[in-house]
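I have placed the structure first, in the form of structure tokens, so that the comments after it can refer back to it.
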């Protein structure tokens, strides 16, 4: 079936795009005035240390060879050693990626599902006060400045009423305790995750709700909706069977398009909540001039976005028969 | 040509399409509560930005960056002297807030304007040129679009060392044009299918003439609409950068104020310091966003109506 | 007693700038098994009448006056639940631009089955499937295509599927709004023949709405010509074609190009289209500004309904 | 402007074995499909001063053929000659001169005028493009063109915008824009298919008038055999990109040879119940 072909094409495209991103990054960092070491390294190092570092990073080699090494290193998982942690970068990434995936995937899926659901309902009240109220509320949520609302949530839910921990992902006592079972550990992570999740949910859901609402209104003008009504379907059947499936298609597309933007929000959330994810690590690495770690974190984030886009594409093809059955 | 046109009948139906569309659109816009709230909010912020020049003239202690109240060296609560209190070294928060409005407008509008110009030009060229040019430009746009712009700019800040406000504006503009280009391209594609473009070609019009005399006026309303959305995203990116400590150290922006509260650990003790900048960032983006949405609702049905006769005789 | 009786139907659309009357004082009736054609230019209110029969007017459409009766039932007083049972079972509709009448994300067969399932909840799945197969057979769509999606169909096939769907509950009346506009001449001819054939076979009454008097003339017993929301001429098709009474009908017919030449029935064809004219007074004849016969009277007084024969009437004060 | 020396039956336009194939183009990933053949090896010629009709259903390729002749698209094979010059080889100045002489009347009056151009600007634009006349001369040309197309007094229409006109008026303005250049060859692509019947008839009459007065050669593209019968000297019946039958209009309609032409004629609405439809004497 053509779905396979489509999939194959998208995967190849992802490889190409990723390769180009890698190359651009390489060129930016190697052709920019001043060498990366002097940009990244603090002044406390002795000249010998610097020379060692230059050799270690292969910066004394010709550019094309550095490039080849750079590509090869990526595919062999060799990203060098973090200046700050003094450990292999790949190890750090390996630790940071899962928490990000957990938080980000949960938040995106929840926001999209809730947005589609509520958008579908609210479209039915077009022009009524409920509609205006919800629309404005969604707009407000959507434009809340994320780090600020995160700080407010921490201040209120964690500091004032103490329902949630202030930051982090785990309580050390529980994880050190050999008696703690899987449930206790999972519960602990969930307890830490709820507040960041809530932040992302509040900020992202509004956008999806608004898109779904206008998409529903658009769909309701279609002739097949008129046909469905003429057939004697109840309003509920018209909405759920005929309007919603079509109307959610553009929302799925926009989820894909807004993924990169949500990643920005994800990184900010991780930073404010000290969630040990890869976004926070990138910001941390940039602040600390940890060049290998920053590069690798960024590449992995880009990869996550690309793969997430692929998943959205597959979902879309699955929902729209016009694509999978061409 | 214009003089002759003006010599026609003096009735009000001689109003140009643009004028007519604008007046119609304006009344629709003003009926929309969302658009009206947005407009009022924007006027408020505009006044704030203008007012930001006043306090330093009253007393140098009200300078947002360098002004320090000699009597205060801690974060003080609102008082008659400092309407919104001071930060931990005794600078006036209200003054900083006013200056922040100025910076937000500056960053938002200039970054949005640049990205709209780039996006509109590239979108028109891609849509009109078609084929390889279109594919290359749009793949490039897609690539930039899948990159989280905030994080890319962060990474690039390493190259520039310290970011000045103008570099931030340029970087935001460079990473935010693709969405505009996409929309303008699809508009151009559908315009290209419209017979009046064929008619212009048949009349012998050059590509430049077609692009700028025939296509540009038709995509301009959409470009303006997208400008409001770009303004919000530019303000948010700048604020986030400043919040993370990568802002221009010579400028007070709301994001930077938030960073100071956060980094100095005053977020639990000084609500007068934590609340205002966050409210301002959220409200100004809300204002532009609301304007944009109201404009979108004005533009959309009109675009639809030109498709053909309505069956519902209105 | 006639199957359908419409009396003094008046419908307004409420817009931002006030109300516009789309249909004014329209009355007609239709016997079982007969078909009526409604002809008029775009915006004359013909589609609105079709929608009103199923009570499917858009939100801003208000039925100000009049009554609609089908087989003795007052359509306008049905409750929401009765209305749902009434729709499709009693009157079904073939919509303008049938291409868009099928939902792109559902299989064509499922969309037809859905209609049957709603109105015959007692039918078994097997029985419904048989019904659908029979319907597709009726409109000449191969059984293998039942489970296809709409985008896999050609334009003519979609149109036939829509017809199958309209017939699925054996309604008393089918309303077809521009059923063939987007189709090729040959396909259009086939579809019209098919509709007519099925209609005769099943004894279903039909209302055909079109801007093309030729399409309507080919399949309808009676013709109703509308202009700006009013019926200006009504009669059986022979009467309307051979001795049209209203100047608008005459201009329609005399500008109708047929393969054998022009219907040059009357010499006084008007060519007023480009002369910018003032509107006639409210209530007066709406066609007066374009009418070659009009005199000062026509711009002031409402036109009178004249019976040319028991079955043929004209809304015009002037006799030719 | 027209050369009077050419014999009346000499061809002003020749289409020789022209094909046009649409392929889906994709960057990086070329599809290996064969594409859709919109125009398939078509040859025809149009004589000076006649009205030549291209009749066919939707998707028959008749519009594509028109676009190829207008050089809005390029043929994938074959050659189109306008007065002996190969159209596809035209560049720069030659192309501009060609554009001045060959014009098109569009299908959809709702779409064919730029909403941001006043009627004066719309009609004057071709003059501006070709640098014809000064302001005063242009003014006079535009006035004449509008009035000859039934939009008079022309001054009333100058400052109006397309959305302020009715469908018929827009189509007249579009025709005025074409006629202001005084072209030798006009392609009319379904010029009335979007208009109501009575208005479309008046547009036909306008075109007939123009034709008689200005000695223009017309290529008339239509799906409607009846309209072709009314307006054309010769017709070609097109189906799936090929010409299935060609000849004088009356001969083709009264004595069709090809099966498709026959079924096309059979599908025309007829009014057998009307005793005496006027015999076509137009």
Burial ranking of peptide ranges B:281-291, B:110-120 (average Cβ count within 10 Å, highest at the top): B:281-291, B:110-120
Based on alpha-carbon positions alone, could you give the equivalent ellipsoid semi-axes of region A:249-300 from the gyration tensor, as √(5λ), descending, whole Å? 25, 13, 7
For region C:4-232, calculate the relative contact order in percent as a whole number, restricting contacts to Cα pairs under 8 Å that are 6 or more residues apart. 32 percent
What are the extents of the Cα atoms of region C:4-232 along their three principal axes, in Å, largest first? 50, 40, 37
For region A:113-247, what ratio Rg/Rh do Cα atoms give with a Kirkwood hydrodynamic radius? 1.18
Once you average over the residues of C:236-242, how many Cβ atoms of partner chains fall within 10 Å of each Cβ? 3
Taking neighbour Cβ counts within 10 Å as the exposure measure, how do A:235, C:233, A:218 sort from fewest upward? A:235, A:218, C:233
Obtain the nm distance between the two label points defined at residue B:51 and residue A:24 by a simple spin-label model: each point lies 7 Å from its Cα along the Cα-to-C-beta direction. 4.2 nm
For a protection proxy built on the mean count of beta-carbon atoms within 10 angstrom, sort A:136-144, A:67-75 highest first, please. A:136-144, A:67-75
Treat the count of other C-beta atoms within 10 Å as a stand-in for reagent exposure and order D:212, C:46 from fewest to most. D:212, C:46
So the angle from the long Cα axis of helix B:17-31 to the longest Cα principal axis of chain B, reported in degrees to the nearest 10, equals 50 degrees
Per DSSP H run of at least 4 residues, take -39500 (n - 2.57); add these up for chain C, divide by its residues and hand me the 222 nm value, nearest 500 deg cm²/dmol. -8500 deg cm²/dmol
Evaluate the relative contact order of chain D (contact order divided by residue number), counting alpha-carbon pairs under 8 angstrom at least 6 apart; express in whole percent. 24 percent
How large is the Kirkwood hydrodynamic radius of chain B, in angstrom, based on all distinct alpha carbon pairs? 22.2 Å
Kindly list the residues of region D:70-90 that lie in the label zone of residue D:41, defined by a backbone N under 20 Å from the point 7 Å along the Cα-to-C-beta vector. D:75-81
Summing -39500 (n - 2.57) over the DSSP H runs of n ≥ 4 in chain A and dividing by its residue number, what mean residue ellipticity at 222 nm do you reach, to the nearest 500 deg cm²/dmol? -25000 deg cm²/dmol
Chain D - mean residue ellipticity at 222 nm from DSSP helices (-39,500 (n - 2.57) per run, n ≥ 4, rounded to 500): -10500 deg cm²/dmol
Considering the convex hull of the alpha carbon atoms of region B:215-275, report its projected area averaged over all viewing directions, in nm², one decimal. 5.5 nm²
Which three extents, in whole angstrom, do the alpha-carbon atoms of region B:143-213 cover along their principal axes, largest first? 55, 22, 14
Order by neighbour count: A:130, B:34, fewest other Cβ atoms within 10 Å first, most last. A:130, B:34
Which log10 I(q)/I(0) values, to two decimals, does the protein assembly as shown give at q = 0.04, 0.07, 0.09 Å⁻¹ under the Debye formula with one point per Cα? -0.29, -0.85, -1.26
Hey, what D do you get for chain D in µm²/s if you plug the Kirkwood alpha-carbon radius into Stokes-Einstein at 10 °C and 1.306 mPa s? 79 µm²/s
In nm, to one decimal, how far is the residue B:26 label point from the residue C:126 one, both placed 7 Å along Cα→Cβ? 7.2 nm
With the radius of gyration and the Kirkwood radius both derived from the Cα set of region C:74-113, what is their ratio Rg to Rh? 1.08
Using only atoms on other chains, find how many Cβ atoms lie within 10 Å of each Cβ of peptide A:229-240 and report the average. 6
How much FRET efficiency would the formula 1/(1 + (r/R0)^6) give for residue B:66 and residue C:60, where r is the Cβ-Cβ distance and R0 is 60 Å, rounded to 0.05? 0.50
Simple SL model, points at 7 angstrom along Cα→Cβ for residue B:43 and residue B:212; separation in nm is 3.7 nm
In degrees between 0 and 90, to the nearest 10, how far off the longest principal axis of chain C does helix C:155-167 point, with axes built from Cα atoms? 80 degrees
Compactness of region B:95-203, expressed as Rg and Dmax over alpha-carbon positions, Å: 17.5, 61
Based on the Kirkwood radius over alpha-carbon pairs, what value in µm²/s does the Stokes-Einstein equation return for the translational diffusion coefficient of region A:94-319 at 4 °C and 1.567 mPa s? 67 µm²/s
Which semi-axes, in whole Å and largest first, does the equivalent ellipsoid of region B:176-216 have when worked out from the alpha carbon gyration tensor as the square roots of 5 times its eigenvalues? 22, 11, 5
Which order, highest average first, do C:157-169, A:166-178, A:276-288 follow once you tally other Cβ atoms within 10 Å for each residue and take the mean per peptide? C:157-169, A:276-288, A:166-178
Tilt of helix B:131-145 relative to the longest C-alpha principal axis of chain B, in degrees (0 to 90, nearest 10)? 20 degrees
Considering Cα pairs under 8 angstrom that are at least six residues apart, work out the relative contact order of chain A and quote it in whole percent. 26 percent
Residue-averaged beta-carbon neighbours from other chains (10 angstrom radius) around D:154-164: 6
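Bear in mind these aren't lab numbers, they're just calculated from the coordinates by the rules spelled out. Here the structure is a predicted model, which means the values were calculated and not measured. Glycine gets a Cβ as well: all are built from the backbone with ideal geometry, and neighbour counts include every protein chain shown.
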